[in-house]
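Since the structure comes first, as structure tokens, the remarks are kept for the end.
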Amino acid sequence: MSRILKRPMFRKGGSVDEGIITVGRKNYEDAGPVKQDYERRLGILTEAAGKGSSPKQDLYDMLIQGGLNLVSGTGAGKGTLGSIAESFKKPTAQFLQKRPGEEAYQRQLKLAAATGALGAEDARKLAAIKKTGNQLQKDYSPQRVYFETYKQLTDPKAAKFGGGTIQQKYPEAFAEFAAYIGPSIQKNNQLKSSFIGTVPTDNKGAFKFTEMVSGGIYFKPDTKKLYQRDPEKNIIIEYDPYTGKKLRELNLNK
């Protein structure tokens, strides 16, 4: 049963190969069905959130704005090089400030798509094991999964060694997720296609709604509910994890 907690949805948020929205698996490029699912999810996320601007387009914008500044007389009286430098000073600063944000935005979309695809593959493999009709079917019953997950998360030795993770802080919630909520999400196409992982937290364990990928669905262990951020309305939408029913909208300003 130790494999249960190795699923992507139970990985602690953090650095590469440790985070809940990290891939960290070898030969991913060769995983045909998984990569197809990844590309499908990436397409959905990109369509919903917008593609953003390309480096080439941002560069064109910088050159056009700098050229217009130069023609309009920006930097006049400073000589040829001085005029060029003054004309391109602000457009260049805007370009350098914008690109890192755009690149981080693209990485978020790709990581969200990869995590969803890998989580779906893990669920598919578990479902295949259940259908074999052998002894593993009994071992992977929801009650057994709940018991083993809770047991491992409340193990004093594991808590001491790990220093206390979000999963160890809410063992009952993550045991319920492993046994019941996770499988329910996989059966709901609407939730399955957008599910990413646990709501991000800071180093003190406080939940950070503003760091959620727009349109992505996240599990919040203290309420055992699912949440989705809508930045345009500046709200968080709460869903029932078993039915996918919209429960309420929460204003982020409050």
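Bear in mind these aren't lab numbers, they're just calculated from the coordinates by the rules spelled out. All figures in this text were calculated on a predicted structure; none of them were measured in a lab. Because the Cβ atoms are built from the backbone with ideal geometry, glycine has one as well, and the counts that use them run over all protein chains shown.
Taken along the Cα-to-beta-carbon direction at a fixed 7 Å, the label points for ASN203 and SER141 span 4.5 nm.
Near ALA173, once Lys and Arg are set to +1 and Asp and Glu to -1 for all other residues with Cβ below 13 Å from its Cβ, the sum equals +1. Applying a threshold of 23 Å to the alpha-carbon distances of LYS110/LYS151; LYS35/LYS151; LYS151/LYS245; LYS157/LYS204; LYS35/LYS245; LYS110/LYS192 flags LYS110/LYS151; LYS35/LYS151; LYS151/LYS245; LYS35/LYS245 as lying beyond it. Take the Cα of SER72, step 7 Å toward its Cβ, do the same at GLU232, and the gap between the two points is 3.1 nm. Residues whose amide H lies under 5 Å from that of GLY197, counting only those 5 or more places away or on a different chain, are PHE219; hydrogens are built 1.01 Å from N in the peptide plane. Between THR243 and GLN36, the modelled label-to-label distance comes to 3.4 nm, taking each label 7 Å out from Cα in the direction of the beta carbon. Of ASP240, ASP37, the sequence from fewest to most neighbouring Cβ atoms within 10 angstrom is ASP240, ASP37.
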